[in-house]
1. For ARG104 and THR665 in the same chain, what is the full-extension length gain: residue separation times 0.36 nm, less their Cα-Cα distance, in nm?
2. Convex hull over the alpha-carbon atoms of the chain: what's its volume per residue in Å³?
3. State the dimensionless ratio Rg/Rh of the range 230-298 (Rg: radius of gyration of Cα atoms; Rh: Kirkwood radius).
4. Roughly how big is the chain's charge dipole about its Cα centre, with Cβ charges of +1 (Lys, Arg) and -1 (Asp, Glu), in debye to the nearest 20?
5. Hey, what angle do you get for helix 256-265 against the long axis of the chain, alpha-carbon based, 0 to 90 degrees rounded to 10?
6. Round to the nearest 10 and give me the degree value, 0 to 90, for the angle of helix 567-579's Cα axis relative to the longest principal axis of the chain.
7. For an R0 of 30 angstrom, estimate the FRET efficiency from the Cβ-Cβ distance between ARG641 and VAL472 and round to the nearest 0.05.
8. Where a Cα-Cα gap under 16 Å defines reach, which lysines qualify for LYS523, not counting those fewer than 8 residues away within the same chain?
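The values are calculated or read from the model by the stated rules, or taken from the named source; none is laboratory data. Here the structure is a predicted model, which means the values were calculated and not measured. Note: ideal-geometry Cβ built from the backbone for every residue, glycine included; neighbour counts use all protein chains shown. Only protein heavy atoms, including side chains, enter the accessible area calculation; ligands, DNA and RNA are left aside. Shrake-Rupley method; radii C 1.70, N 1.55, O 1.52, S 1.80 Å.
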Amino acid sequence: MGLIRVALDVPIDRLFDYRCEDRTARVGARVLVPFGRRRLIGIIVAKPEHSEVPAAALKHAHQILDEQPLLGRLDLRLIEFAAGYYAHPLGAAIMMAVPASLRRIRRRDQTPVAYALTAAGAAIESSLLPPRALASHRLLALLKSAPVIGHTAVAAQGAAARKALQTFVEKGWVRKASPEQLPSPDSPEVTEGPALNAEQTAAAESIVSAIGGFQPILLLGITGSGKTEVYLHSMAAALARNAQVLLLVPEIALTPQLQSLIVARFPGTPIATLHSGLADGERAAHWEAARNGKARIVLGTRLAVFAPIPALGLIIVDEEHDGSFKQGEGFRYSARDLAVVRGRLAGVPVVLGSATPALETYRNAVEGRYRMLQLSQRISAKPPLIECIDLRQGLPADGLSGRLISAIASRIERGEQSMVFINRRGYAPVLVCGSCGWTADCGRCSAKLVLHLPERRLRCHHCGHDSAVPAVCPDCGDADLAPLGQGTQRIEAALARHFPGARILRIDRDTTRRRHAWPDMRKRIREGSVDILVGTQILAKGHDFPRLNLVGIINADNMLYSNDFRAPERLYALLSQVAGRAGRGDVRGQVLVQTRFPDHPLYAALRNQDFEAFAQGLLAERRQAGFPPYVHQALLRAEARSVDTALQFLAKAARAARGISPAVTVYDPVPAGMMRRAGRERAHLLVQSGSRKELRAFLQDWHQRLADAGDTATRWSLDVDPSEL
Ligand code: ADP
Ligand code: ZN
Ligand code: ZN
């Protein structure tokens with residue numbers, strides 16, 4: 001009896017066995033199976049000899065949908081690892097790795113199928129066919145004309161041809177064949193880039209020499225040091241060896257320059273791009289190109305770490321510290337960490353590039369587990385001059401210090417651009433009643449509503465709540481409602497007052513929502529038809545604006561003190577990225593940071609642009625306090641109607657954890673930093689251990705106990721290696 005074990009996207013954490021007599025069933029291919037009263041598409045993950053399910057209870061699979069596996073063995077192993085490590089149901093994890101359009105049942109199966117003549121079929125002379133079976137004659141001629149014929153070519157001949165094909169298959173004259181793979185280019189065409197400097201050359205050579213085996217590499221290069229050129233050279237070397245390259249980036253929409261750079265450097269090399277902005281069909285097509293090897297470069301966001309890339313030869317993770325590599329809900333994997341796992345499985349080097357790597361990565365490099373390559377010099381201009389503006393001497397009500405204003409004025413005079421960075425969109429983060437102290441709060445979140453003045457709306461940035469600005473205070477009826485604090489809109493308005501003739505462009509999620517809005521803006525900035533940019537962290541990512549020479553950072557102090565021990569690490573990365581925008585042309589850049597804490601070690605390190613000193617300091621603190629990367633953590637997140645329900649669930653979970661492992665510390669349940677969100681109340685429970693292995697074993701056991709308890713009032717999930725508390 002033929003058996004297949006199938007992964008299905010159902011919320012039950014197990015695989016399902018079916019009978020299947022079709023000998024073409026292959027591990028990694030899709031199969032259509034009955035499930036309860038439904039039919040579902042799943043992926044075959046094994047062809048076991050025996051099943052735990054009694055033979056009589058085993059159902060028959062309906063149909064094998066793919067001749068060729070969609071996922072290779074290494075792809076399945078990566079997903080299995082990830083599902084185990086992040087405690088996510090395996091079936092759901094496997095199905096998530098497949099594009100949505102391949103998971104849906106269609107009336108007509110549209111996977112590419114092709115046909116070829118068997119030896120018996122090739123021997124058939126047309127004189128042997130019934131003389132009036134015209135369709136059969138035409139089909140035979142068609143099949144003899146090419147080694148492999150696509151299904152569409154047959155279908156185009158009409159219903160009679162399809163029927164004839166069926167007969168040919170039954171007679172054993174025709175077999176299904178895999179669609180032809182386009183031969184990859186012999187040697188990829190590479191256009192000339194700038195000659196590498198000495199540091200770049202050394203880095204690229206080191207990466208190229210690692211091709212052919214597993215080697216994690218940290219490429220630590222300050223902003224503007226030319227990391228991208230090092231990537232491109234390493235990619236060229238991998239492509240020349242006929243390997244595919246996987247390049248993971250935080251957000252493609254924000255880094256279109258990288259994509260066009262790659263296209264220009266490797267003309268004629270097919271590239272697959274994979275990100276959430278693609279329509280289902282587009283995504284499936286790119287995914288298929290990666291899978292069948294046509295695409296030699298796969299450029300994608302975190303989900304692309306699971307894309308099947310059979311000839312993978314090199315993995316690059318750009319801005320590896322970026323928080324978006326960690327999925328924030330559901331399957332909470334870290335694509336950066338999985339990239340390293342994938343590199344190990346596939347035996348290929350993994351380059352992690354950043355100016356401010358995650359402390360986890362940095363420590364691995366310092367302690368020799370990763371190779372460290374450094375780019376310490378900017379390519380063209382000198383590094384920017386970073387200074388603090390001490391706000392303890394006072395700050396005008398509009399939030400812009402006199403020194404920043406005059407610095408902007410002199411840039412405008414010289415025809416240069418300035419940028420004001422503020423990490424908050426909207427007009428003001430708080431609307432307050434001057435007579436009774438009422439503030440506009442979100443009813444569904446523990447958060448204030450943000451005032452969007454031009455639109456005259458109050459919006460919650462967490463749940464999407466959107467309402468009109470009240471004319472009077474809902475509590476006391478007074479009309480004295482005033483905005484408190486600064487957002488991008490308010491700074492934009494203040495700048496317009498200071499510089500009436502200046503061309504000011506605001507860049508935040510609100511102004512870039514429209515498709516193509518951001519590329520259009522980038523063009524205007526590069527052309528020089530903008531004097532002052534005001535924006536959020538959208539502006540921080542690797543953009544090259546040659547006329548931008550002054551960066552003003554305001555309200556960074558807000559992010560300085562936080563309950564999350566990772567806050568300084570993240571703030572440093574953000575600010576150094578923002579600062580790195582200044583002076584990428586010929587003029588030396590200037591960065592002014594408005595702060596009440598000019599002596600804070602973070603600002604001191606930023607002024608010296610000494611990531612390593614800062615990182616060493618943070619690592620020493622983390623070691624002392626027993627924080628990651630010196631311990632490993634997992635967070636049990638719980639969400640319920642009321643926080644008490646969530647806390648009770650967690651208390652029970654803590655009791656269930658008792659006695660599982662002495663090597664794991666279980667902390668007390670606490671309400672989440674933002675307790676209410678979109679009408680649900682949240683709490684969590686931290687567990688940690690000095691040993692990753694012990695923690696994994698503990699989590700497996702614990703997760704099983706929690707699942708068995710079957711609590712329904714609380715939605716819960718495990719977050720392994722949580723990046724935010
Ligand atoms: P990073 O990503 O490290 O911040 P980039 O890769 O964006 O830096 O490089 C900064 C700028 O320097 C880019 O405009 C790039 O084209 C240019 N560049 C990089 N390497 C060289 C080189 N060897 N010679 C001349 N220009 C270079
Ligand atoms: Zn009031
Ligand atoms: Zn809300």
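1. Details: separation 561, 0.36 × 561 = 201.96 nm, distance 4.34 nm.
Result for the pair: 197.6 nm of gain on full extension.
2. Spelled out: Cα convex hull of the chain, divided by residues, is 202 Å³.
3. My calculation puts Rg/Rh at 0.95.
4. Numbers: 92 positive and 70 negative charges, 387 e Å.
Computed about the Cα centre, the dipole is about 1860 debye.
5. With rounding to tens, the tilt is 50 degrees.
6. The helix 567-579 is inclined about 90 degrees to the chain.
7. Working: r = 33 Å, r/R0 = 1.08.
For R0 = 30 Å, the calculated efficiency reads 0.40.
8. By straight Cα distance, LYS523 reaches LYS541.
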